[in-house]
Amino acid sequence: MMNAALRTLLCEKASGFGVELSGDQVDKFDKYGDLLLSWNEKMNLTAIRDPEGVVIRHFIDSLSLLSVMPLSGEEKVIDVGTGAGFPGIPLLIARPTIQLTLLDSLNKRLVFLQAVLDELALSAKTIHARAEEGGRQKGLRENFDLATARAVAALPVLCEYCLPFVKQGGHFVAMKGPDGGEEAKAAQHALLCLQGKLCRQVDFTLPDDSRRTLLVVKKTGHTPATYPRAGAKMAKNPL
(Lines give C-alpha, C1' and ligand atoms only; values in the text may rest on other atoms or scores of the structure.)
Protein backbone atom coordinates (compact mmCIF):
# COMPACT_ATOMS: atom_id res chain seq x y z
CA MET A 1 0.00 0.00 0.00
CA MET A 2 2.70 2.48 0.97
CA ASN A 3 5.28 3.73 -1.49
CA ALA A 4 8.70 4.93 -0.34
CA ALA A 5 7.50 8.51 0.16
CA LEU A 6 4.62 7.45 2.41
CA ARG A 7 6.87 5.16 4.43
CA THR A 8 9.25 8.08 4.97
CA LEU A 9 6.39 10.42 5.90
CA LEU A 10 5.06 7.93 8.45
CA CYS A 11 8.49 7.50 10.05
CA GLU A 12 9.19 11.23 10.16
CA LYS A 13 5.86 12.15 11.72
CA ALA A 14 6.05 9.26 14.20
CA SER A 15 9.52 10.45 15.23
CA GLY A 16 8.03 13.88 15.87
CA PHE A 17 5.67 12.21 18.34
CA GLY A 18 8.59 10.48 20.06
CA VAL A 19 8.13 7.16 18.27
CA GLU A 20 11.00 5.59 16.32
CA LEU A 21 9.53 2.95 14.01
CA SER A 22 11.60 -0.03 12.91
CA GLY A 23 11.43 -1.46 9.40
CA ASP A 24 9.33 -4.32 10.74
CA GLN A 25 6.87 -1.93 12.34
CA VAL A 26 6.53 0.04 9.11
CA ASP A 27 5.90 -3.26 7.30
CA LYS A 28 3.10 -3.99 9.78
CA PHE A 29 1.51 -0.62 9.05
CA ASP A 30 1.78 -1.43 5.34
CA LYS A 31 0.00 -4.78 5.80
CA TYR A 32 -2.62 -3.14 7.99
CA GLY A 33 -3.34 -0.61 5.26
CA ASP A 34 -3.61 -3.34 2.65
CA LEU A 35 -6.10 -5.27 4.78
CA LEU A 36 -8.11 -2.14 5.56
CA LEU A 37 -8.51 -1.16 1.92
CA SER A 38 -9.19 -4.74 0.83
CA TRP A 39 -11.85 -5.42 3.49
CA ASN A 40 -13.33 -1.97 2.91
CA GLU A 41 -14.49 -3.15 -0.51
CA LYS A 42 -16.73 -5.69 1.24
CA MET A 43 -17.82 -3.77 4.34
CA ASN A 44 -17.90 -0.14 5.44
CA LEU A 45 -14.81 0.38 7.58
CA THR A 46 -13.60 3.81 6.46
CA ALA A 47 -14.54 6.61 4.09
CA ILE A 48 -10.84 7.05 3.34
CA ARG A 49 -9.92 4.88 0.35
CA ASP A 50 -6.49 6.08 -0.77
CA PRO A 51 -3.10 5.09 0.72
CA GLU A 52 -2.04 8.66 1.47
CA GLY A 53 -5.27 9.34 3.33
CA VAL A 54 -4.91 6.14 5.35
CA VAL A 55 -1.35 7.00 6.36
CA ILE A 56 -2.14 10.60 7.34
CA ARG A 57 -5.68 10.47 8.71
CA HIS A 58 -5.49 7.05 10.34
CA PHE A 59 -1.89 6.02 11.08
CA ILE A 60 -0.26 9.38 11.85
CA ASP A 61 -3.37 10.71 13.56
CA SER A 62 -3.49 7.63 15.81
CA LEU A 63 0.20 7.81 16.69
CA SER A 64 -0.20 11.44 17.75
CA LEU A 65 -1.63 10.14 21.03
CA LEU A 66 1.87 9.02 22.00
CA SER A 67 2.98 12.66 22.00
CA VAL A 68 0.85 13.28 25.10
CA MET A 69 0.83 9.74 26.57
CA PRO A 70 4.17 8.10 25.64
CA LEU A 71 3.33 4.61 27.08
CA SER A 72 6.14 2.53 28.54
CA GLY A 73 4.66 -0.69 27.15
CA GLU A 74 3.31 -2.04 30.44
CA GLU A 75 -0.03 -0.22 30.43
CA LYS A 76 -3.52 -1.66 30.13
CA VAL A 77 -5.22 0.27 27.32
CA ILE A 78 -8.80 0.18 26.04
CA ASP A 79 -9.87 1.67 22.70
CA VAL A 80 -13.58 2.44 23.08
CA GLY A 81 -15.64 2.27 19.88
CA THR A 82 -12.51 1.22 18.01
CA GLY A 83 -14.17 0.84 14.60
CA ALA A 84 -11.48 -0.19 12.13
CA GLY A 85 -8.91 -0.22 14.93
CA PHE A 86 -7.97 3.42 15.40
CA PRO A 87 -6.10 4.44 17.43
CA GLY A 88 -5.70 1.06 19.14
CA ILE A 89 -3.87 -1.02 16.55
CA PRO A 90 -1.39 1.72 15.55
CA LEU A 91 -0.60 2.12 19.27
CA LEU A 92 -0.07 -1.63 19.53
CA ILE A 93 2.24 -1.68 16.50
CA ALA A 94 4.29 1.11 18.06
CA ARG A 95 4.16 -0.32 21.61
CA PRO A 96 3.62 -4.09 21.12
CA THR A 97 3.84 -4.98 24.82
CA ILE A 98 0.84 -2.93 25.97
CA GLN A 99 -2.20 -4.93 27.09
CA LEU A 100 -4.73 -3.69 24.54
CA THR A 101 -8.49 -4.20 24.54
CA LEU A 102 -10.49 -3.26 21.45
CA LEU A 103 -14.18 -2.66 22.21
CA ASP A 104 -16.86 -2.18 19.56
CA SER A 105 -20.61 -2.65 19.26
CA LEU A 106 -20.44 -4.26 15.78
CA ASN A 107 -19.14 -7.81 15.69
CA LYS A 108 -18.23 -7.67 11.98
CA ARG A 109 -15.65 -4.98 12.78
CA LEU A 110 -14.15 -7.24 15.44
CA VAL A 111 -13.90 -10.03 12.86
CA PHE A 112 -11.84 -7.68 10.71
CA LEU A 113 -9.70 -6.61 13.65
CA GLN A 114 -8.96 -10.21 14.62
CA ALA A 115 -7.86 -10.88 11.03
CA VAL A 116 -5.52 -7.88 11.27
CA LEU A 117 -4.10 -9.03 14.60
CA ASP A 118 -3.51 -12.54 13.23
CA GLU A 119 -1.85 -11.25 10.06
CA LEU A 120 0.43 -8.87 11.98
CA ALA A 121 1.20 -11.43 14.72
CA LEU A 122 -0.06 -9.05 17.40
CA SER A 123 -2.01 -9.83 20.56
CA ALA A 124 -5.05 -7.90 21.81
CA LYS A 125 -8.40 -8.70 23.37
CA THR A 126 -11.52 -7.93 21.34
CA ILE A 127 -14.85 -7.33 23.08
CA HIS A 128 -18.25 -7.10 21.43
CA ALA A 129 -20.25 -4.68 23.57
CA ARG A 130 -21.68 -1.21 23.68
CA ALA A 131 -19.50 1.16 25.69
CA GLU A 132 -22.17 1.81 28.31
CA GLU A 133 -22.52 -1.95 28.84
CA GLY A 134 -18.79 -2.58 29.00
CA GLY A 135 -18.30 0.22 31.50
CA ARG A 136 -20.39 -1.71 34.02
CA GLN A 137 -18.75 -5.11 33.51
CA LYS A 138 -16.56 -6.57 36.21
CA GLY A 139 -13.06 -6.86 34.84
CA LEU A 140 -13.52 -3.81 32.63
CA ARG A 141 -14.82 -1.12 34.98
CA GLU A 142 -11.99 0.98 36.44
CA ASN A 143 -9.45 -1.56 35.18
CA PHE A 144 -7.39 0.42 32.66
CA ASP A 145 -4.47 2.81 32.84
CA LEU A 146 -5.63 4.48 29.63
CA ALA A 147 -8.89 4.72 27.72
CA THR A 148 -9.04 6.40 24.36
CA ALA A 149 -11.63 7.11 21.70
CA ARG A 150 -11.59 8.84 18.35
CA ALA A 151 -14.60 10.46 16.64
CA VAL A 152 -17.19 8.55 18.69
CA ALA A 153 -19.42 11.22 20.29
CA ALA A 154 -19.47 14.76 21.70
CA LEU A 155 -17.10 15.06 24.65
CA PRO A 156 -19.69 15.19 27.49
CA VAL A 157 -21.13 11.88 26.23
CA LEU A 158 -17.70 10.48 25.41
CA CYS A 159 -16.52 11.10 28.97
CA GLU A 160 -19.45 9.07 30.30
CA TYR A 161 -18.61 6.27 27.88
CA CYS A 162 -14.90 6.17 28.64
CA LEU A 163 -14.10 7.33 32.19
CA PRO A 164 -15.83 4.35 33.87
CA PHE A 165 -13.15 2.11 32.30
CA VAL A 166 -10.26 4.09 33.80
CA LYS A 167 -8.72 3.30 37.17
CA GLN A 168 -8.12 6.09 39.67
CA GLY A 169 -4.94 7.93 38.66
CA GLY A 170 -5.23 6.72 35.06
CA HIS A 171 -6.06 8.77 31.98
CA PHE A 172 -8.58 9.17 29.20
CA VAL A 173 -7.41 10.75 25.94
CA ALA A 174 -10.10 12.07 23.61
CA MET A 175 -8.95 12.50 20.01
CA LYS A 176 -10.91 15.38 18.53
CA GLY A 177 -11.08 17.68 15.53
CA PRO A 178 -10.62 21.46 15.46
CA ASP A 179 -13.53 22.09 17.86
CA GLY A 180 -11.98 20.05 20.65
CA GLY A 181 -11.36 23.09 22.81
CA GLU A 182 -15.01 24.13 22.67
CA GLU A 183 -16.07 20.57 23.49
CA ALA A 184 -13.76 20.65 26.51
CA LYS A 185 -15.56 23.71 27.86
CA ALA A 186 -18.92 21.99 27.38
CA ALA A 187 -17.70 18.89 29.25
CA GLN A 188 -16.78 20.54 32.55
CA HIS A 189 -19.91 19.37 34.36
CA ALA A 190 -19.53 15.85 32.98
CA LEU A 191 -15.93 15.71 34.20
CA LEU A 192 -17.00 16.86 37.66
CA CYS A 193 -19.71 14.17 37.87
CA LEU A 194 -17.45 11.38 36.56
CA GLN A 195 -14.35 12.21 38.65
CA GLY A 196 -12.17 13.42 35.81
CA LYS A 197 -10.03 16.52 35.37
CA LEU A 198 -8.84 17.98 32.08
CA CYS A 199 -5.10 18.33 32.53
CA ARG A 200 -3.84 19.00 29.01
CA GLN A 201 -5.01 20.16 25.60
CA VAL A 202 -2.75 19.87 22.55
CA ASP A 203 -3.70 21.29 19.15
CA PHE A 204 -1.80 20.21 16.05
CA THR A 205 -2.09 19.93 12.28
CA LEU A 206 -1.77 16.79 10.18
CA PRO A 207 0.30 16.82 6.95
CA ASP A 208 -2.89 17.38 4.90
CA ASP A 209 -3.64 20.51 7.00
CA SER A 210 -6.44 18.83 8.98
CA ARG A 211 -6.58 20.30 12.48
CA ARG A 212 -6.71 18.00 15.48
CA THR A 213 -7.02 18.35 19.26
CA LEU A 214 -5.91 15.90 21.94
CA LEU A 215 -7.64 16.25 25.30
CA VAL A 216 -5.99 14.50 28.24
CA VAL A 217 -8.22 13.78 31.24
CA LYS A 218 -6.92 12.40 34.54
CA LYS A 219 -9.17 10.15 36.62
CA THR A 220 -9.19 11.75 40.08
CA GLY A 221 -11.57 9.43 41.92
CA HIS A 222 -14.01 6.55 41.52
CA THR A 223 -16.83 7.04 39.03
CA PRO A 224 -20.19 6.94 40.87
CA ALA A 225 -22.14 3.70 40.40
CA THR A 226 -24.94 5.53 38.57
CA TYR A 227 -22.64 5.98 35.54
CA PRO A 228 -22.57 5.15 32.73
CA ARG A 229 -26.27 5.54 32.07
CA ALA A 230 -28.10 3.90 29.17
CA GLY A 231 -27.08 5.27 25.79
CA ALA A 232 -30.50 6.77 25.10
CA LYS A 233 -30.36 8.70 28.40
CA MET A 234 -26.89 9.99 27.60
CA ALA A 235 -27.99 11.21 24.19
CA LYS A 236 -31.18 12.84 25.49
CA ASN A 237 -29.68 14.37 28.63
CA PRO A 238 -25.89 14.67 28.34
CA LEU A 239 -24.11 15.63 31.55
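The values are calculated or read from the model by the stated rules, or taken from the named source; none is laboratory data. Please read all numbers here as calculations on a predicted model, not as lab measurements. All Cβ positions, even for glycine, are placed from backbone atoms using ideal geometry, and neighbour counts span all protein chains on display.
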Residues being more than 30 Å from Gly53 (Cα to Cα) and in contact with an Asp or Glu (Cβ under 8 Å, 6 or more places away or on another chain) - total across the stretch 194-218: 1
Residue list for the stretch 167-215, filter: surrounded by 13 or more Cβ atoms within 10 Å (Cβ to Cβ) and at positive phi: Gln195
Residues satisfying the stated conditions in the stretch 47-68, i.e. buried (at least 17 other Cβ atoms within 10 Å of the Cβ) and of a type in the set (Ser, Thr, Tyr): Ser62, Ser64
Selection status of Ala121, at positive phi and at pLDDT 95 or above: yes
Residue within the stretch 128-145 that is surrounded by 16 or more Cβ atoms within 10 Å (Cβ to Cβ), touching a residue at least 40 places away in the same chain (Cβ under 8 Å) and within 18 Å of Gln25 (Cβ to Cβ) present: no
Of all residues making up the stretch 156-177, the number that are touching a Leu at 6+ places or on another chain (Cβ under 7 Å) and without any contact (Cβ under 8 Å) to a residue 40 or more places away in the chain: 1
Where Leu37 falls short, out of the listed (1) crowded, with 17+ Cβ neighbours inside 10 Å; (2) on the phi > 0 side of the Ramachandran plot; (3) over 15 Å from the mean Cα position of the chain (by Cα): (2)
